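Beneath this line is the structure, given in structure tokens, with notes to follow.
The values are calculated or read from the model by the stated rules, or taken from the named source; none is laboratory data. What you are looking at is a predicted structure, and each value in this text was computed from that prediction instead of being measured. Reconstructed Cβ throughout: ideal geometry from the backbone, glycine too, with neighbour counts over all protein chains shown.
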Amino acid sequence: VNARDEDLLSPEYYGRHGYPHDRWEQLRNSDPVHHVSEWAGDPYWAITLHKDIMEISRNPQVFRNSPRFMMSATKGIPKEPFRIILDMDPPEHRAYRALASRSFTPKALTAIHAIIDSVCDEALQQAWTDDGEQTIDFVDRVSSRVPIWVIAQMLGTPREDWEMLYNWTNEAVGAADPDYQKGRSAEDTRRIAVEAMASYFASMIEDRRRNPQNDLTSTLAHARFDDGPVPDFELLNYMNTLLAAGNETTRNAITGGMLILADRPDLIRRLYDDPDLVNGFVEEVFRYVSPVIHMVRTPVHDVTIQGRKISAGCPIVLFYPSANRDEDVFESGHEFRADRAPNPHLAFGIGEHFCMGIHVARLELRALFSRLVQRIVQVELTGDVDRLTSNLVGGIKRMPVRCTPRHPA
Ligand code: HEM
């Protein structure tokens, strides 16, 4: 289905068809800074080239994340119940980012390698219970579990709460999808979920102030700015963000990676024979799948990009999956190449708001896929994939697969 302008940010289009790669390719080649006015939401400029997304993202003084960092498919800017660091701009943004960014460096994360390994082992062990060759919903059994189990442990939440946390994050991020909607509207659904998470984390912060533990909640509960305390309300927003940002995105990178392996026993064999290839494979999964569809920036003054005049205040939409197929940067970008090098993809954004969880996501996918190829020699889809209705995250809600075990029971 060739996408039209009104489809580029239509949650329903993504729910039905997945990514409009043909249309993005046309835009990259004919109108890389393209004005879209006829659609359900506010008019915006669509940015589809790798180099433009890099330049815009690296200039946060001009291209701001306020007043919105994502487009909703309705007119106006919805009032969000909580703000998150993606809403902020420098200098405030830097101060907030610094509260937790030290916990996400590769060095700080060495402590969670073991957690990630055991979470992946457990998810895979539970995925196939009986004799191996059975159909499972890979999203339910594997990809949805790993990210939430990892971040939930980093935050220090007890295991019995993980299911609840998982549902809240679904509702917060996938609120436009009818499967997740609880309230009267997408905004309502998001608000209810976010408020529930906030009250949950409020009591956890309270607890960690009295009984500090070795977890991220304790780090945040005791965090201070150079010039004073961090308001509790902001800490709660922060925890919500960490939970939601890492969940849906990583889940879909994992599901997308599995989809790539479907009917590719050759690729599974290569990964099995050459364990080091998993790093390249995972980077290529990030590029090829690009779970985040878009982010928004708003220029504070008039700017010109690729010869197009953009007025101050008009939203600019950065389409990461398009940048990740940009033919000027990636040879045969529509092809999946596990050994692609270099691979300067923008799946995690770049610049001021560059994803804080990139190392966690990398560790998770590496651990999971290196274990998966030890267990299976082949995977086939046994039904259609069921996609998420969202213009922010390219999600798959269900993916039935049948795997052939490497060592039959
Ligand atoms: C495959 C998995 C993931 C993808 C594709 C992804 C993608 C992104 C993207 C595109 C951004 C915005 C970047 C920009 O505006 O330049 C972002 C920001 C962010 N991500 Fe991720 N992310 C992933 C996993 C995670 C994980 C696991 C966590 C945390 C545990 C996380 C936490 C964050 C946070 C806190 C931000 C906001 C950073 C800021 O505003 O300074 N992400 N991510």
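Yes or no: Ser185 at pLDDT 90 or above and at negative phi?
So Ser185 fails the test.
Of the conditions (1) surrounded by fewer than 19 Cβ atoms within 10 Å (Cβ to Cβ); (2) out of contact with any strand residue (DSSP E or B) (no Cβ under 7 Å at 6 or more places or on another chain); (3) part of a loop (DSSP other than H, G, I, E, B), Gly383 satisfies every one except a single condition; which number is it?
(2)
Quick check: anything in the stretch 335-346 farther than 26 Å from Leu388 by Cα, assigned to a loop (DSSP other than H, G, I, E, B), touching a Ser or Thr at 6+ places or on another chain (Cβ under 9 Å) and of a type outside the set (D, E, K, R)?
Taking every residue of the stretch 335-346 in turn, none turns out to be farther than 26 Å from Leu388 by Cα, assigned to a loop (DSSP other than H, G, I, E, B), touching a Ser or Thr at 6+ places or on another chain (Cβ under 9 Å) and of a type outside the set (D, E, K, R).
Restricting attention to the stretch 287-308, report how many residues are within 16 Å of the ligand (Cβ to nearest atom) and not aromatic (Phe, Trp, Tyr).
12
Looking only at the stretch 226-264, count every residue that is within 16 Å of the ligand (Cβ to nearest atom) and more than 22 Å from Arg141 (Cβ to Cβ) and tell me the total.
So the answer is 11.
Before we move on, is His359 surrounded by fewer than 20 Cβ atoms within 10 Å (Cβ to Cβ), within 16 Å of the ligand (Cβ to nearest atom) and closer than 30 Å to Ile268 by Cβ?
Yes.
Among the residues of the stretch 378-392, which ones are out of contact with any Pro (no Cβ under 6 Å at 6 or more places or on another chain) and not acidic (Asp, Glu)?
Answer for the stretch 378-392, where residues must be out of contact with any Pro (no Cβ under 6 Å at 6 or more places or on another chain) and not acidic (Asp, Glu): Val379, Leu381, Val385, Arg387, Leu388, Leu392.
Given the conditions (1) modelled with pLDDT of 90 or more; (2) away from the ligand (no atom under 12 Å from the Cβ), and given that Asp87 satisfies all but one, which numbered condition is not satisfied?
Failing condition for Asp87: (2).
Give just the number: which of (1) assigned to a helix (DSSP H, G or I); (2) in contact (Cβ under 8 Å) with a residue 12 or more places away in the chain does Arg83 not satisfy?
The failed condition is (1).
What are the pairs, 6+ residues apart or on separate chains, where a residue within the stretch 265-286 that is within 16 Å of the ligand (Cβ to nearest atom) has its Cβ under 6 Å from a residue that is of a type in the set (Ser, Thr, Tyr)?
Filtered contacts from the stretch 265-286: Val278/Ser370.
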